[in-house]
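The values are calculated or read from the model by the stated rules, or taken from the named source; none is laboratory data. These numbers come from a predicted model, not from an experiment. We place every Cβ from the backbone using ideal geometry, glycine too, and count neighbours over all the protein chains shown. Ligands, DNA and RNA are stripped out before the accessible areas are found, and what is left, the full protein with its side chains, is counted by its heavy atoms. Shrake-Rupley method; radii C 1.70, N 1.55, O 1.52, S 1.80 Å.
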Amino acid sequence: MQSEILSLICDPATKDVLELKTGSDARGRILEYLINPKTGQRFTVREGIPVFLQESEISGSNRRYQGLYDRIARFYDFSTWAYSRWKRMSVETRLREYLDELEVKEGDRVLEVSVGTGRNLQFLPHSAEFFGLDISWGMLKQCRRNASKWKIDVKLFMGTAEQLPFRDQVFDVVFHFGGINFFNDKAAAIREMVRVAKPGTRFVIGDENEELARKYEKLPVTGGFYGNRKQAISAPVDLLPPDMEDVQVKDIAGGDLYCLSFRKPR
């Protein structure tokens, strides 16, 4: 793991500084891990990706959807392509409906929460410095394969949106698209995204709207994940910190998705 990453990351629970250590396994192989020197909490570095969660800590919707995305990771990009064809547009045209809301400049540090297969990063300026977090190991592995294919440098992390493993105010751009509807704690996830962003950062958050969810709940594959919702889906405007500026909500993808944008005060 690159040493400069240490200046950006922290213990997701306590926000304490972490140290990078090395050890060896039973076979004598050198292993890296991160440790909180105050508490002794360790975080493994798995195949070069820091892992900031334990299986025993994942519960509720987060566990349910982690399993789903692990299973569909290999096929997710195909489903994105098929959906775009159904909408009679290219993948890039569809994704740019929300990516163009971002303000990515050369050299910016960009964080995508729930990076998935990394498809969004393909259509952002490659002069930026990309960081991606996801709860699904399957998605992170697919993202790494895609990044290699597209010649994109992205630093990946496994964790939850509700407890981001990053220090305060270190990112120029923060966005999330797809997944927040079923986070365990949407408000906590939004607070964390705001915390790690620099003052003046413009955010984009989006997901399926209620109309599309009603269509999905009637289908055999997706019905089990979209049915039995406790409340109708809507853009989480009411969960934003009260001082956010330039709050806007619009429907995109022919009304299937909502796109919420706002700005952290300067």
Search result, residues across region 150-195 that are hydrophobic (A, V, I, L, M, F, W, C), within 23 Å of LEU34 (Cβ to Cβ) and not in a helix (DSSP H, G or I): VAL154, LEU156, PHE157, MET158, ALA161, LEU164, PHE166, VAL170, PHE171, VAL174
Residue match in region 37-60 (condition: modelled with pLDDT under 90 and of a type in the set (Phe, Trp, Tyr)): no
Test: residue in region 174-193 that is surrounded by 18 or more Cβ atoms within 10 Å (Cβ to Cβ) and over 17 Å from the mean Cα position of the chain (by Cα): no
Candidate set from region 239-266 (those that are open to solvent by 30 Å² or more (accessible area, probe 1.4 Å) and farther than 20 Å from ALA197 by Cβ); member that is farthest from the chain's Cα centre (by Cα): GLY254
Single residue of region 57-77 satisfying the filter (in a helix (DSSP H, G or I) and of a type in the set (Gly, Ala, Ser)) that is surrounded by the most Cβ atoms within 10 Å (Cβ to Cβ): ALA73
SER7 being under 23 Å from THR117 (Cα atoms) and open to solvent by less than 80 Å² (accessible area, probe 1.4 Å): no
All positions within region 230-266 that are aliphatic (A, V, I, L, M) and modelled with pLDDT under 95: ALA232, ILE233, ILE252, ALA253, LEU257
Selection count where residues are of a type outside the set (Phe, Trp, Tyr) and open to solvent by less than 40 Å² (accessible area, probe 1.4 Å), scope region 139-166: 17
Residue count for region 18-56, restricted to those that are assigned to a loop (DSSP other than H, G, I, E, B), more than 22 Å from the chain's Cα centre (by Cα) and closer than 19 Å to LEU133 by Cβ: 2
Criterion: on the phi < 0 side of the Ramachandran plot, among the small types (Gly, Ala, Ser) and in contact (Cβ under 8 Å) with a residue 60 or more places away in the chain - qualifying residue of SER59, SER79, SER3, SER24: SER59
Count - residues of region 194-215 that are open to solvent by less than 10 Å² (accessible area, probe 1.4 Å) and free of Cβ contacts under 8 Å to residues at least 60 places away in the same chain: 4
Hits in region 31-53 (condition: loosely packed, with under 14 Cβ neighbours inside 10 Å and either more than 17 Å from CYS10 (Cβ to Cβ) or in contact with a Phe, Trp or Tyr (Cβ under 7 Å, 6 or more places away or on another chain) (or both)): LEU31, ARG42, GLU47, GLY48
